[in-house]
Structure formats: C-alpha cells, structure tokens
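The values are calculated or read from the model by the stated rules, or taken from the named source; none is laboratory data. The structure displayed is predicted, hence computed values, not measured ones. Here the Cβ positions follow ideal geometry from the backbone for every residue, glycine too, while neighbour counts run over all protein chains shown. Heavy atoms of the whole protein, side chains included, go into the accessibility calculation; ligands, DNA and RNA do not. Shrake-Rupley method; radii C 1.70, N 1.55, O 1.52, S 1.80 Å.
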Amino acid sequence: MQFVDLKSQRKAIEDELNYRLSGVLEHGRFIMGPEVFELEEELSSFCGASEVVTCGSGTDALILPLMAWGIGAGDAVYVPSFTFAATAEAVALVGATPIFVDVLPDTFNMDPESLTEAIRSTNGLRPTAMIPVDLFGLPADYPTLNAIAATHGLHVLADAAQSFGARAGEHSVGSLAEVTATSFFPSKPLGCYGDGGAIMTDDTVHAETLRSLRVHGQGSHKYENLRVGTNARLDSMQAAVLLEKLRIFRSELETRSKIAATYSEDLGGHVTTPKVPSGLTSAWAQYTVRVPVRDRVAARLQEEGIPTAVYYPMPLHLQPAYRSFPRTPSGLSISEQLSGEVLSLPIHPYLTDEEVQRVVQGLRDACAS
Ligand SMILES: *Cc1c(COP(=O)(O)O)cnc(C)c1O
C-alpha cells in the first residue's frame, strides 16, 4: 500500500501526458510557454478567481504577495503555529515578524480568538496581515477571519497549499480570501512533477505586481526593472503536466471524499476523526486522526504494512528557527497537544476498497491492543 500513489495516477493518463510533454519539447518555449497561460485560464475558471498567477512553488506563492504589499521590517503577520514551515518562513524572509497563533482542536485551523488576542498585544509592531492555513485540505473559517481583518485593516493571504479544490458553500478555494496561495508540489492534491505554485485573487492591480515580481520586477519590456523582484516562474513542462491532471482532478477529489467518509464512519468510535464544519468541503490532502498513543499505533500499522505520516511532529514556535518569534499571549497549547497526537492515514484516489478496509481494521486493532 502506498501513502501517495503517483504511479497509478500517471498510468491512468499516460498517453495524454506524453502528448502534452512532447508538445513542449517540440515548441521549445520552456519558460513562459503557452501552457503556462493556458493553465492560468483553466485554474481561473476552476476556482472562480479572476486572476491566477502561477509561480515556482507554494513558498513563492506566499512570498510574492507579501512583497507586492510591501510588507517588511516592523510589520506583524499572524500565522498558525501548527503548519508547515513555509507559512512562517515567507514572513521572516521578507523581513517582517511572524506572530504565532493557536489553532482549533477539531478543525486544526486558525483560532479566531487566539488571533484577536495576538493582535491586541502586538507591542511596537504594525499589525499588517494574517496567513490562515487550510490545514489538511479544509478551508479555515474565512467569514470570521475576514471580519477580523476588516476591523483591524489587515491583509488576508490564505495558505491553501493543501486545499486547492475545496469549497465553502458556493465558493471555491481561491476566492475565499483577498489573496490565496497554493502549491503544486507532487504530493499535494493537485501536484506536478517538480515544484510549482499559484496565486489567486480578484485584485487586478495586485496581480499585475505579482506578474512583474515573478520575472525580476519586469516592466513593459524585458530589460526594464520597475521593482526588485525575483525568479519565481512555473515552467512550461510543469504547466503541461498540470493541464492534464486538472482534467481528472474533480473526479479524484470525489474519490478522496468518499474514502474520507468511509474512514469517518468506520473509525469514529476508535479515534478522534477530523471535523468538517457544515457548508465546507475538504480537498483531503490528508486524513488526520487524533490518537493519544500515536507513536505506538503508528508502529503497529507499519508492522501491518500500512503507511502513515505525522504532520506535524513539532509546532513551529518550538522549532529552533522560529522559537524566538512572538506568540499570542494565551499560549499555543492546542498546537503542542496536536503535534503529539496527530496521525495521517493513506487517502490518495487510487486506494482500492480492500486497502481502505485494511487501514480501518489495522487502526481498530492497533487501538484495541
Ligand atoms: C506544501 C506547503 C507549502 C509550501 O509549498 P511548496 O510548493 O513545497 O513550496 C506551504 N504551506 C503549506 C501549509 C504546505 O503544506
């Protein structure tokens, strides 16, 4: 059993992929080729954001909007502690200060109360932006977070690296916040065969700045530099891969969601299963349960040939690189507790029904013993 099965996915679309890739080899426009712009249009109609700016990685997709807003020294940017390092890293890299906020125990996403307390006590720094994370594929509570942002004049950058394809009511991830960043790292729900990312927004002026920043701050021609930018382009090969994967993405999301429903039904009495608040759907990048005896359970499952993963074994505020940054005054106890209890189960769209049942039985047995 695979934790992520990219090989079965490739087999399912092999001819189409090869055709697309040989098209790129043939025209030879490896950087900013036609596939990049075709993909941006497809992503825009998929998620409903009027502007989609592809870029080199999910990390670039977090850094570029902060640069475009001119965020830097003296600015406070609120981030959850229970996330992947890139969320806080992007803030520190532009010279601003990440301030760690706690998460909710049932959704794993940013806790609005913890955020409000952090904003109230941001001594000497300018409250400037927040980066809620849609952890494991579930959108954060944007109606509440956007309202807090409006009250305090904060930008909202959604870290949707794991949630592209998820929805909140009628709206898709990409149109739930002012600006949304996603990642096409191979193991994300929509992944390419290398690094890739995209930024989504309805703000055309912001999008123009992002397009300039991703090519060295370029102006109206190649050798005019309007601002200090970087090299943060998605390449044509990766765009070609994504165009083909996007065609099967909706059906893959449905399969993920069916597996999640089976897990939730069959595991409910044995472990704490993830909560999906009403009105939301998850992209199910991960299916993550909570078990107090996590390491023992994971070891048992491994003996049975069932792969699992721990996202994340340590909250960011305890990491050597980030422990000197400020924290919300009420503490980060949920982030700390979760890092000791979370366990992610296999949930890729190529799992067979038998494999799903093996995971269910294996986890039940491991919890009982
Ligand atoms: C994967 C991920 C990123 C970074 O994406 P890359 O494409 O690997 O740079 C950022 N934030 C979160 C929450 C992620 O899971």
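Residues that are out of contact with any helix residue (DSSP H, G or I) (no Cβ under 7 Å at 6 or more places or on another chain) and within 14 Å of the ligand (Cβ to nearest atom) do occur in region 171-182, at least one of them.
Just one of the listed residues (59, 83) is β-branched (Val, Ile, Thr), touching a residue at least 12 places away in the same chain (Cβ under 8 Å), open to solvent by 10 Å² or more (accessible area, probe 1.4 Å) and within 14 Å of the ligand (Cβ to nearest atom), namely 59.
The set of residues from region 121-146 being modelled with pLDDT of 95 or more and more than 25 Å from residue 274 (Cα to Cα) comprises 125, 126, 127, 128, 129.
Within the set 89, 35, 41, the sole residue that is within 19 Å of the chain's Cα centre (by Cα) and in a helix (DSSP H, G or I) turns out to be 89. For region 203-210, the criterion of being in a loop (DSSP other than H, G, I, E, B), closer than 17 Å to residue 66 by Cα and modelled with pLDDT of 95 or more is met by at least one residue.
Could you please let me know if residue 245 is in contact with an Asp or Glu (Cβ under 6 Å, 6 or more places away or on another chain) and closer than 21 Å to residue 164 by Cβ? No: the conditions fail for residue 245. Please verify whether region 240-251 includes one or more residues that are open to solvent by 10 Å² or more (accessible area, probe 1.4 Å), at pLDDT 95 or above, more than 16 Å from the ligand (Cβ to nearest atom) and under 30 Å from residue 290 (Cα atoms). Yes, region 240-251 contains at least one residue that is open to solvent by 10 Å² or more (accessible area, probe 1.4 Å), at pLDDT 95 or above, more than 16 Å from the ligand (Cβ to nearest atom) and under 30 Å from residue 290 (Cα atoms).
The one condition from (1) open to solvent by less than 60 Å² (accessible area, probe 1.4 Å); (2) assigned to a loop (DSSP other than H, G, I, E, B) that residue 334 does not meet is (2). For residue 202, the conditions (1) within 16 Å of the ligand (Cβ to nearest atom); (2) open to solvent by 60 Å² or more (accessible area, probe 1.4 Å); (3) in contact with a Ser or Thr (Cβ under 7 Å, 6 or more places away or on another chain) all hold with the exception of (1). Is region 135-152 home to any residue that is closer than 30 Å to residue 18 by Cα and either within 11 Å of the chain's Cα centre (by Cα) or in contact (Cβ under 8 Å) with a residue 12 or more places away in the chain (or both)? Within region 135-152 (the criterion being closer than 30 Å to residue 18 by Cα and either within 11 Å of the chain's Cα centre (by Cα) or in contact (Cβ under 8 Å) with a residue 12 or more places away in the chain (or both)), the answer is yes, since at least one residue qualifies.
In region 90-111, which residues are free of Cβ contacts under 8 Å to residues at least 40 places away in the same chain and crowded, with 18+ Cβ neighbours inside 10 Å? Correct list: 94, 96, 109, 110. The set of residues in region 125-163 being within 12 Å of the ligand (Cβ to nearest atom) and assigned to a strand (DSSP E or B) consists of 133, 157, 158, 159. Here residue 192 clears all of (1) in contact with a Phe, Trp or Tyr (Cβ under 8 Å, 6 or more places away or on another chain); (2) within 16 Å of the ligand (Cβ to nearest atom); (3) under 26 Å from residue 279 (Cα atoms) except the condition numbered (3).
Do you know which residues across region 263-299 are surrounded by 18 or more Cβ atoms within 10 Å (Cβ to Cβ), away from the ligand (no atom under 16 Å from the Cβ) and touching a residue at least 24 places away in the same chain (Cβ under 8 Å)? Of everything in region 263-299, those that are surrounded by 18 or more Cβ atoms within 10 Å (Cβ to Cβ), away from the ligand (no atom under 16 Å from the Cβ) and touching a residue at least 24 places away in the same chain (Cβ under 8 Å) turn out to be 263, 267, 271, 276, 280, 281, 289, 290, 291, 294, 297, 298.
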